[in-house]
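The values are calculated or read from the model by the stated rules, or taken from the named source; none is laboratory data. These numbers were taken from a predicted model, which means no experiment stands behind them. Here the Cβ positions follow ideal geometry from the backbone for every residue, glycine too, while neighbour counts run over all protein chains shown.
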Amino acid sequence: KALYPIVICTWNFMNASAKAWEVLNSGGTALDAVEQGVKVEEDDVNNQTVGTGGRPDRDGNVTLDACIMDKDGNCGAVLAMQNIANPISVARKVMEDTPHVMLAGQGAEQFAYEKGFEKVNLLTEQSRLEWLEWKKTSEYKPIINIENHDTIGMLAIDKNGDIAGGCTTSGMGYKMAGRVGDSPIIGAGLFVDNEVGGATATGVGEEVVRTVGSFLIVELMRQGKSPQEACEEGVKRIMAKNEGRNDFQIGFIAINKQGETGGYCIQAGFSYRTYSEEGHIDNPSESYIS
Ligand code: SD4
């Protein structure tokens with residue numbers, strides 16, 4: 001029995017997944033569901049890893065990364081974009097209204113203004129004060145599961161059985177100016193193939209990029225692995241390149257065409273949320289280091 005419509009997202013984002021479910025449950029497309037869903041986190045000033053309220057880079061600028069992918073393999077992304085509140089929607093416009101896949105920096109910002117997005121200040125007082133505090137030592141040291149890990153990656157299947165995904169983040173807090181992680185990179189932070197399924201990632205983006213993690217997981221599902229098995233293999237691939245290191249976090253989630261889901265991470269503490277007719281469920285993920 002097919003288990004859709006369904007939405008799945010990284011971490012325990014109740015409001016974002018509820019919003020996406022509302023779209024799916026009223027007959028909306030998976031693409032609209034993921035866009036509307038992740039926007040909830042972009043707009044939440046208390047989420048300091050996504051959108052407004054995100055932690056700045058080390059120079060004090062909030063720079064946002066996002067991408068989106070639809071059932072036909074179309075995709076769009078914005079990289080290191082400043083002053084725009086909803087990068088996921090700009091990414092969708094890149095996908096739908098340009099011949100390109102990625103726009104970066106000022107080009108992305110300029111494009112957003114042309115499409116009617118407003119200029120906003122993304123740096124909240126709380127994030128500004130924390131950044132000033134950080135500057136005293138300027139020590140770049142992400143803390144597992146606490147700091148820098150609330151990126152939202154979301155995958156949905158609509159009533160027609162079509163899959164879409166989106167991913168949005170302000171990246172690692174206090175990153176170097178111009179640094180881009182995995183989240184807006186199709187294949188790394190997100191990948192969808194409507195024949196097979198989708199995958200998305202959170203955690204230290206550099207490690208996800210090195211193994212093209214989300215693409216890998218979708219390909220493993222194509223070869224017959226379940227979403228759970230594919231996520232486990234994705235994490236193992238990363239650990240094989242990082243022997244002896246256990247000081248960073250990666251979490252992968254995946255869904256297949258039937259609506260089966262899975263998730264796996266390096267460190268305990270990662271969970272993912274699903275919302276379907278079965279209800280609104282928090283799924284604590286098993287970890288590589290248990
Ligand atoms: C990045 N993957 O920029 C993102 C960070 C992240 O929760 O996932 N934070 O590397």
Looking at this structure, is GLY197 within 24 Å of VAL235 (Cα to Cα), in contact with a helix residue (DSSP H, G or I) (Cβ under 6 Å, 6 or more places away or on another chain) and near the ligand (Cβ under 9 Å from one of its atoms)?
no
VAL40 passes all but one of (1) crowded, with 24+ Cβ neighbours inside 10 Å; (2) assigned to a helix (DSSP H, G or I); (3) within 16 Å of the ligand (Cβ to nearest atom); which number fails?
(1)
Just for region 245-289: of the residues that are under 18 Å from the mean Cα position of the chain (by Cα) and among the aromatic types (Phe, Trp, Tyr), which one is surrounded by the fewest Cβ atoms within 10 Å (Cβ to Cβ)?
PHE248
Of ALA80, ALA104, ALA91, ALA66, the only residue that is surrounded by fewer than 21 Cβ atoms within 10 Å (Cβ to Cβ), under 16 Å from THR169 (Cβ atoms), of a type outside the set (Lys, Arg) and in contact with a strand residue (DSSP E or B) (Cβ under 9 Å, 6 or more places away or on another chain) is ALA104
Mind checking whether some residue in region 196-203 is more than 24 Å from GLU286 (Cβ to Cβ) and not in a helix (DSSP H, G or I)?
no
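Residues checked against (1) part of a loop (DSSP other than H, G, I, E, B); (2) without any contact (Cβ under 8 Å) to a residue 60 or more places away in the chain:
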site: ARG237; (1), (2): no, yes
site: GLU243; (1), (2): yes, yes
site: GLY251; (1), (2): no, no
site: TYR272; (1), (2): no, no
site: ASN283; (1), (2): no, yes
Does TYR113 fit the bill of being within 29 Å of ILE266 (Cβ to Cβ) and surrounded by fewer than 16 Cβ atoms within 10 Å (Cβ to Cβ)?
no
Residue within region 244-251 that is near the ligand (Cβ under 9 Å from one of its atoms) and either more than 30 Å from ASN25 (Cα to Cα) or β-branched (Val, Ile, Thr) (or both) present
yes
Filtering region 190-230 down to residues that are in contact with a Cys (Cβ under 7 Å, 6 or more places away or on another chain) and of a type in the set (Ser, Thr, Tyr) yields THR200
Select from region 130-141 the residues that are over 13 Å from GLN48 (Cα atoms) and more than 16 Å from the ligand (Cβ to nearest atom) and write down the one among them that is modelled with the lowest pLDDT.
GLU139
Within region 215-224, is there a residue that is more than 21 Å from VAL38 (Cα to Cα), part of a loop (DSSP other than H, G, I, E, B) and within 15 Å of the ligand (Cβ to nearest atom)?
no
Selection status of GLU232, crowded, with 18+ Cβ neighbours inside 10 Å, modelled with pLDDT of 95 or more and away from the ligand (no atom under 14 Å from the Cβ)
yes
Only one of these is within 13 Å of the ligand (Cβ to nearest atom) and either outside any loop (DSSP other than H, G, I, E, B) or of a type in the set (Gly, Ala, Ser) (or both): VAL180, VAL209. Name it.
VAL209
Hey, could you check region 1-13 for residues that are of a type outside the set (Val, Ile, Thr) and under 15 Å from the mean Cα position of the chain (by Cα) and say which is modelled with the highest pLDDT?
CYS9
Which one of the conditions (1) of a type outside the set (Lys, Arg); (2) closer than 27 Å to ALA33 by Cβ; (3) outside any strand (DSSP E or B) does ILE255 fail to meet, given that it meets all the rest?
(3)
Please list, ordered by first then second residue, the pairs with beta carbon atoms under 6 Å, 6 or more apart or interchain, first in region 172-201 and under 23 Å from GLN223 (Cα atoms), second of a type in the set (Gly, Ala, Ser) and more than 14 Å from the ligand (Cβ to nearest atom).
LEU190/GLY165; VAL192/GLY165; VAL192/GLY198; GLY198/GLY165; ALA199/ALA254; THR200/GLY165
Scan region 142-150 and give yes if some residue there is within 15 Å of the ligand (Cβ to nearest atom), in contact with a Ser or Thr (Cβ under 8 Å, 6 or more places away or on another chain) and more than 16 Å from ILE253 (Cβ to Cβ), otherwise no.
yes
In the list ALA18, ALA33, ALA2, which residue meets the criterion of being in a helix (DSSP H, G or I), among the aliphatic types (A, V, I, L, M) and surrounded by fewer than 24 Cβ atoms within 10 Å (Cβ to Cβ)?
ALA18
